Structure formats: C-alpha cells, structure tokens
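What follows is one structure encoded as structure tokens, with my remarks underneath.
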Amino acid sequence: MVKTKRVLILGGTDQGWQLAAQAATIPELEVFFSLAGRTRQPMIPIIQTRIGGFGGMTGLRDYLQQEKIDFLINATHPFASRISQNAAIAAESLMMPYLRLLRPAWQKSEQDNWIEVESYEAAVSVLSPLAQRVFLSIGRQELAIFSTLPDHWFLMRMVEPPSPASCPQGKVILERGPFNLAQERSLLKTYKIEVIVSKNSGGNATYPKILAARELGIPVIMVQRPELERGETVAEIEEAMTWLKNKLEKD
Ligand code: NAP
C-alpha cells in the first residue's frame with residue numbers, strides 16, 4: 001500500500017519509541033522519529049530515525065515543511081521544555097495537528113515525605129540545612145548548581161558520564177533504568193542516604209526509588225514539572241494511537 005500521510009514523533013522516552021513502533025504498523029502512515037542524541041545508545045525502533053537538534057523552532061518548522069509532515073507528536077520527557085515549546089509553536093504556525101504524549105506525574109501518598117519545589121535552585125536552598133548525604137537523582141544536566149554545597153556528599157546516577165567540572169563531590173553511578181525496589185532499597189542503605197532529590201518524571205522505570213524512600217522514611221525533594229505548553233495532551237500510547245487513526249480518517 002502507498003503511504004499517504006507522514007507523522008513526526010519527537011522521542012526521548014520509552015513511551016516515544018513504543019508509540020513509534022506501534023504507529024509504524026499503520027499501513028497508510030509513514031513514521032519519522034527524532035532523538036536529541038544525548039545518550040550514546042538510544043533505543044531506536046526499526047523506522048527512519050534522525051538524531052540531533054533541528055536548530056530551534058524555525059529549524060523544526062523548516063524540517064516539518066521540507067519532509068511534508070502531516071502530524072506532529074511530541075513524546076519527549078516531561079522536563080524537555082525547550083523542544084516542547086518549539087514543537088507546539090511550530091505546529092501552530094503551520095496549522096498542523098499536534099499532540100503531546102505526556103505520562104502522568106507521580107502523586108504524593110500520605111506515607112510520603114515530599115518537599116515539593118519549583119526549581120533546582122529551590123531544591124538547593126531546601127537541601128542546605130536538611131541533610132548531608134544526598135541521592136541526586138536528576139540526570140546529568142543540572143548537576144553544577146549543587147556544587148554550591150561543598151559540605152554535602154552526593155550519590156549521582158545517570159546514563160552517560162557527566163562533565164567532571166559540573167559535578168559536586170560524591171560518587172557517580174552510570175546505569176540505565178528500570179530499577180526495582182530491592183535494588184533501590186539496597187542503594188539507599190549502602191550509601192546511607194538521608195535525602196533524595198528527584199524530578200517528578202512520572203512513569204514506572206524510576207518510581208521504585210520513591211517507594212524505597214517511603215519505606216525507609218527518607219524525605220524526597222521533588223522538583224515539579226515545567227509548565228505545560230499549549231495543545232492537546234494524552235497520557236497513554238493507546239490514546240495517541242486513537243488520535244492518529246482519527247486524524248487519518250478525517251484527512
Ligand atoms: P530540551 O531542553 O527541551 O531540549 C534541548 C534541545 O535538544 C532542543 O532545543 C532541541 O534542539 C534538542 N532536542 C530535544 N529533544 C529532541 C528530539 N526528540 N529530537 C531532536 N532534537 C531534540 O530537552 P532536554 O531536557 O535537554 O532533553 C533532551 C532529550 O532527552 C529530550 O528528547 C528528552 O525527551 C530526553 N530526556 C530528557 C530528560 C530530562 O530530564 N530532561 C530525561 C530523559 C530523557 P534544537 O533547538 O536545536 O531543535
């Protein structure tokens with residue numbers, strides 16, 4: 001069958017590549033997949049994948065036009081605010097159907113001891129008097145700001161090595177999730193962790209650290225998500241597939 005319509009999926013999450021793999025099974029749809037290229041071994045489904053930034057909003061808009069893309073789905077991480085803003089604006093300016101696939105944020109339970117903050121700067125000021133041994137579970141991009149706390153010790157876990165200049169004092173562990181509860185419990189105990197700093201990423205892959213913290217009575221400084229850009233949003237891959245199929249039927 002001739003492929004009649006094209007979708008660009010902006011990836012960077014498990015949900016992104018799962019959606020791309022499912023969308024590729026729709027016969028009349030051609031799937032384009034895009035990754036920022038931050039990790040050296042991105043999990044690429046068997047579809048045409050491009051890697052690297054577009055060059056801002058105008059670069060993305062040019063790409064959408066050049067490749068004659070019909071629909072845009074943003075399945076990037078909840079904290080990927082720049083590409084998300086660019087995608088929403090580019091789609092709007094081209095009057096292109098646009099969907100944000102965004103997994104739900106974690107919800108605090110009564111047993112959780114969370115201190116919810118709006119930014120990494122706020123996390124630093126809350127952390128300062130609270131505890132010394134910290135599990136800094138925020139990836140590698142925002143580490144430098146925690147170097148302003150020379151008296152703290154940080155356990156830092158991420159997929160790719162950080163730049164040494166940006167690293168606060170402590171230990172770096174290079175690992176890709178998912179992690180299970182037993183692993184997370186053992187990690188927190190082994191390193192005598194007193195507080196966790198985490199982004200509210202949502203999803204299952206890194207949630208066990210929150211469960212382990214709850215179990216061990218360890219407080220979590222939870223950095224809230226950036227503001228959501230304009231546009232239609234769904235939480236599940238199935239909903240994104242339904243959206244795509246509806247668009248194909250209408251077009
Ligand atoms: P960001 O600040 O929104 O993006 C920075 C720049 O990276 C964007 O302006 C864009 O460059 C490029 N970019 C981002 N996602 C892209 C994609 N899917 N395809 C092509 N270019 C992309 O995002 P970030 O926080 O740096 O995250 C980068 C990527 O890692 C995202 O795709 C995200 O899904 C993934 N990720 C992020 C986190 C996190 O905690 N932030 C965690 C796990 C995975 P141009 O402006 O040049 O187009």
**Q.** For Ser166: the one exception among (1) among the small types (Gly, Ala, Ser); (2) in contact with a strand residue (DSSP E or B) (Cβ under 9 Å, 6 or more places away or on another chain); (3) open to solvent by 20 Å² or more (accessible area, probe 1.4 Å)
**A.** (2)
**Q.** Yes/no for Leu211 being over 16 Å from the mean Cα position of the chain (by Cα), over 22 Å from Val124 (Cα atoms), of a type in the set (A, V, I, L, M, F, W, C) and open to solvent by 60 Å² or more (accessible area, probe 1.4 Å)
**A.** no
Q) How many residues are modelled with pLDDT under 90 and either open to solvent by less than 20 Å² (accessible area, probe 1.4 Å) or over 14 Å from the mean Cα position of the chain (by Cα) (or both) when one looks only at region 5-42? A) 2
Q. For region 49-91, which residues satisfy the criterion of being of a type in the set (D, E, K, R), in a helix (DSSP H, G or I) and either within 9 Å of the ligand (Cβ to nearest atom) or crowded, with 19+ Cβ neighbours inside 10 Å (or both)?
A. Arg61, Arg82
Q. Does Arg140 satisfy the condition of being basic (Lys, Arg) and buried (at least 18 other Cβ atoms within 10 Å of the Cβ)?
A. yes
Q.
For a quick check of your reading of the model, give me the residue pairs whose first member lies in region 176-199 and is at positive phi, whose second is outside any loop (DSSP other than H, G, I, E, B), with beta-carbon atoms closer than 8 Å and at least 6 apart or on different chains.
A. Lys192/Arg133
Q. Just wondering, is there one or more residues in region 3-22 that are in a helix (DSSP H, G or I), away from the ligand (no atom under 12 Å from the Cβ) and of a type in the set (A, V, I, L, M, F, W, C)?
A. yes
Q. Cβ-Cβ below 9 Å, separation at least six or inter-chain, first residue in region 233-251 and under 15 Å from Arg6 (Cβ atoms), second open to solvent by 80 Å² or more (accessible area, probe 1.4 Å) and in a loop (DSSP other than H, G, I, E, B): which pairs?
A. Leu248/Thr4; Asp251/Thr4
Q. Taking region 205-242, which residues are more than 30 Å from Leu8 (Cα to Cα) and of a type in the set (Asp, Glu)?
A. Glu215
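Each row is one residue, and each column tells you yes or no for (1) among the aliphatic types (A, V, I, L, M); (2) over 23 Å from Ala205 (Cα atoms).
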site	(1), (2)
Gln65	no, yes
Ile69	yes, yes
Phe79	no, no
Ile83	yes, no
Ile89	yes, yes
Tyr98	no, yes
Gln107	no, no
Glu116	no, no
Q. In region 175-192, is there at least one residue being among the acidic types (Asp, Glu) and surrounded by 14 or more Cβ atoms within 10 Å (Cβ to Cβ)?
A. yes
**Q.** Inter-residue pairs, beta-carbon under 8 Å, first under 7 Å from Ala90 (Cβ atoms) and in region 59-73, second small (Gly, Ala, Ser), 6+ apart
**A.** Leu60/Ala87; Leu60/Ala90; Arg61/Ala90; Arg61/Ser93; Leu64/Ala90; Leu64/Ala91
Q. Does any residue of region 149-161 turn out to be in contact (Cβ under 8 Å) with a residue 40 or more places away in the chain, crowded, with 19+ Cβ neighbours inside 10 Å, in contact with a Phe, Trp or Tyr (Cβ under 9 Å, 6 or more places away or on another chain) and not in a loop (DSSP other than H, G, I, E, B)?
A. no
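The values are calculated or read from the model by the stated rules, or taken from the named source; none is laboratory data. Quick caveat: nothing in here was measured; it's all calculated off a predicted structure. So basically every Cβ, Gly included, is an ideal-geometry build from the backbone, and we count neighbours across all protein chains shown. Accessible surface areas use protein heavy atoms only, side chains included; no ligands, DNA or RNA. Shrake-Rupley method; radii C 1.70, N 1.55, O 1.52, S 1.80 Å.
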